[in-house]
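Q: First the structure, which I've put down as structure tokens, then a few questions once you've had a look.
The values are calculated or read from the model by the stated rules, or taken from the named source; none is laboratory data. In this text the structure is predicted, and so the values were computed from the model without any measurement. Neighbour counts are summed over all protein chains in view; Cβ atoms, including those assigned to glycine, are modelled from backbone coordinates with ideal geometry. Only protein heavy atoms, including side chains, enter the accessible area calculation; ligands, DNA and RNA are left aside. Shrake-Rupley method; radii C 1.70, N 1.55, O 1.52, S 1.80 Å.
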Amino acid sequence: MVTSRTIANGIIRALLMAAGIFILLWLLYKIQSVIIYLFIALIVSMIASPVVYFLKRRLKFPHTVAVVVTLVFFLSLLAGFIMLFVPLIVTQSENLSLLDTAKLEQDFNNLVNQVNSYFTGHNIDAQKLIKQANLTSRIDFNFIPNFINSLLGILSGFGIGLASVLFITFFFLKDRKMFTVAAKKVLPEKHQEKILNSLRKINYLLSRYFIGLIVQMSILFVMYLIVLLIFGVQNAFIIAFIAALLNIIPYVGPIIATVLVAVLTMLGLMGPETQGEMLTTTLWVVIGFCAAQFIDNNFSAPLIFSNSVNSHPLEIFIVILASGFIFGVLGMIIAVPFYTAMKVVAKEFWPRNPIVKVLTKDI
């Protein structure tokens with residue numbers, strides 16, 4: 001029989017549980033930076049694991065020495081890339097002082113008039129469409145300096161995060177066996193072996209995934225660099241690197257990279273001799289970037305990722321798209337690693353399920 005005391009106790013337990021969940025979420029929100037550092041450190045440790053393994057097996061380095069050498073190597077690469085930003089920042093800062101937004105808008109209007117003349121010669125009333133769209137009044141060319149200033153502001157807090165990630169990554173790599181031993185003591189014996197097997201497979205597949213991601217970005221970097229060098233864009237090397245790095249955000253990243261390279265290309269043509277060619281050159285650079293992204297989306301990326309995580313390209317596309325709709329940009333970034341981990345766990349715990357069999361047949 002249900003009494004008033006039973007109902008009251010149930011309500012109190014529900015309220016306490018809700019309060020506990022709220023406090024937990026509040027704490028997670030407050031330490032979100034720490035969680036991000038842990039996540040980044042985990043990714044770096046997965047990428048660095050093959051390097052540590054190579055130093056230990058092939059060059060006979062002690063484990064701790066191999067970890068230190070690997071982190072120093074990664075830090076040296078990062079320092080080299082950061083040094084590449086210096087000439088870009090200096091050059092673009094100088095170009096900002098030469099930026100004449102009125103002249104830029106005039107050049108844009110001239111280009112629109114040329115396009116209108118071309119369509120008029122082919123009996124197409126483009127003037128009416130242009131007036132209806134009112135393009136020049138909707139485009140504010142003053143966004144360029146604001147965009148650069150925002151970018152510099154984001155980079156200002158980079159130091160603390162870098163030190164934290166390096167510190168955490170060091171212990172992830174150095175004490176991996178200790179973590180495994182501790183996990184064996186904590187995990188229930190019934191599922192201990194399945195959980196540890198899942199973690200090993202997840203580590204292996206995600207290491208391949210992140211290495212594949214680096215390969216993909218390297219291919220894009222080469223194609224972007226070729227385009228920028230052909231059209232004589234200043235600081236082509238570092239601009240190509242930034243654009244390739246933005247590809248870590250699926251589908252959205254290439255769009256951001258194209259906009260960014262268009263801005264930097266225009267800023268690099270601020271001289272009085274070249275400013276008249278600014279929009280034409282920028283247009284050709286954008287076309288070149290779109291061609292590179294077409295090659296990547298249809299050839300290199302599907303091949304690399306389908307082999308690295310053993311998933312069909314269409315499967316990856318649907319997972320990324322769904323994660324983007326639900327969780328936004330962050331969901332698109334973590335979609336493939338998270339989905340891969342879920343597939344491994346599903347195969348380990350429910351290997352006879354028909355759906356799991358279909359999705360995990362190549363794992």
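Q: Treat each spin label as a single point 7 Å out from the Cα along the C-beta direction, and report the Ile255 to Lys357 distance in nm.
A: Calculated label separation equals 4.1 nm.
Q: Follow-up. Rolling a 1.4 Å sphere over the protein heavy atoms, what is the accessible area per residue of segment 309-362, to the nearest Å²? Mind dumping the intermediate values first?
A: Details: 3310 Å² over 54 residues.
It amounts to 61 Å² per residue over segment 309-362.
Q: Could you go through segment 196-209 in sequence order and give the Karplus-derived ³J(HN,Hα) for each residue, using 6.51 cos²θ - 1.76 cosθ + 1.60 with θ = phi - 60°, rounded to whole Hz, and x for Gly and Pro?
A: Working through the residues one at a time gives 5, 5, 4, 5, 5, 5, 4, 4, 5, 5, 5, 4, 5, 5 Hz.
Q: Using a 1.4 angstrom probe on heavy atoms only, work out the carbon and sulfur share of the accessible area of segment 309-362 in %. Mind showing how you got there, number by number?
A: Working: 2510 of 3310 Å².
Summing carbon and sulfur atoms, their accessible area is 76 percent of the total for segment 309-362.
Q: Relative contact order for segment 208-306 using alpha-carbon pairs under 8 Å, separation at least 6, rounded to a whole percent? Could you put the intermediate results ahead of the total?
A: Numbers: 82 pairs, mean separation 33.6, N = 99.
It rounds to 34 percent for segment 208-306.
Q: Continuing with this model, one more query. May I ask you to rank Glu189, Glu315 by accessible area, largest first, using a 1.4 Å probe over the protein chains only?
A: Numbers: Glu189 165, Glu315 35 Å².
Of Glu189, Glu315, the descending order of accessible area is Glu189, Glu315.
Q: Under 5 Å between amide H atoms, partner at least 5 residues away or on a different chain: which partners does Phe61 have, H built in plane at 1.01 Å?
A: Residues meeting the criterion, in which the H sits 1.01 Å from N, are Lys56.
Q: Set the Förster distance to 30 Å, then compute FRET efficiency between Val329 and Val34 from the Cβ-Cβ distance, nearest 0.05.
A: On the way: r = 21 Å, r/R0 = 0.69.
Efficiency for this residue pair is about 0.90.
Q: What distance in nm separates the two pseudo spin-label positions at Phe179 and Leu283, each 7 Å out from Cα along the beta-carbon direction?
A: 5.3
Q: Hey, rough spin-label estimate for Ile248 and Arg58, points 7 angstrom out along Cα→Cβ, what's it come to in nanometres?
A: 2.5
Q: Starting from the Cα gyration tensor of segment 293-363, take the square roots of the eigenvalues, sort them a ≥ b ≥ c, and report rounded, prolate or oblate (rounded when a/c is under 1.5, otherwise prolate if a/b is larger than b/c, else oblate).
A: On the way: a/c = 2.50, a/b = 1.43, b/c = 1.75.
Verdict is oblate for segment 293-363.
Q: Would you mind getting me the FRET efficiency between Val215 and Ala18? Use the beta-carbon distance for r and R0 = 41 Å, nearest 0.05.
A: 0.30
Q: Would you work out what percent of the accessible area of segment 208-306, with all protein chains in place, is carbon or sulfur (probe 1.4 Å)?
A: Percent of accessible area from carbon and sulfur atoms in segment 208-306: 78.
Q: Would you mind checking Lys201/Lys343; Lys190/Lys357; Lys185/Lys343; Lys190/Lys347; Lys56/Lys194; Lys184/Lys357 for any pair whose Cα atoms are more than 19 angstrom apart? Write out the running numbers ahead of the final one.
A: Numbers: Lys201/Lys343 10 Å; Lys190/Lys357 23 Å; Lys185/Lys343 25 Å; Lys190/Lys347 17 Å; Lys56/Lys194 28 Å; Lys184/Lys357 28 Å.
Going by Cα-Cα distance, Lys190/Lys357; Lys185/Lys343; Lys56/Lys194; Lys184/Lys357 fall outside the 19 Å limit.
Q: Give me the accessible area of Leu229, 1.4 Å probe, in Å² rounded to the nearest 10.
A: Roughly 110 Å² of Leu229 is accessible to a 1.4 Å probe.
Q: As an exercise, use a Förster radius of 35 Å and the Cβ-Cβ distance of Ser117 and Asn298 to find the FRET efficiency, rounded to the nearest 0.05. Present the calculation step by step, with values, prior to reporting the outcome.
A: Values: r = 35 Å, r/R0 = 1.01.
Given R0 = 35 Å and the Cβ-Cβ separation, E is 0.50.
Q: Let me ask another. Using a 1.4 angstrom probe, figure out how much accessible area segment 208-306 has per residue, in square angstrom, rounded to the nearest whole. Don't skip to the end; give the middle numbers.
A: Values: 4250 Å² over 99 residues.
On a per-residue basis, 43 Å².
Q: Just by accessible area at a 1.4 angstrom probe, what is the order of Arg58, Arg352 from largest to smallest?
A: Arg352, Arg58
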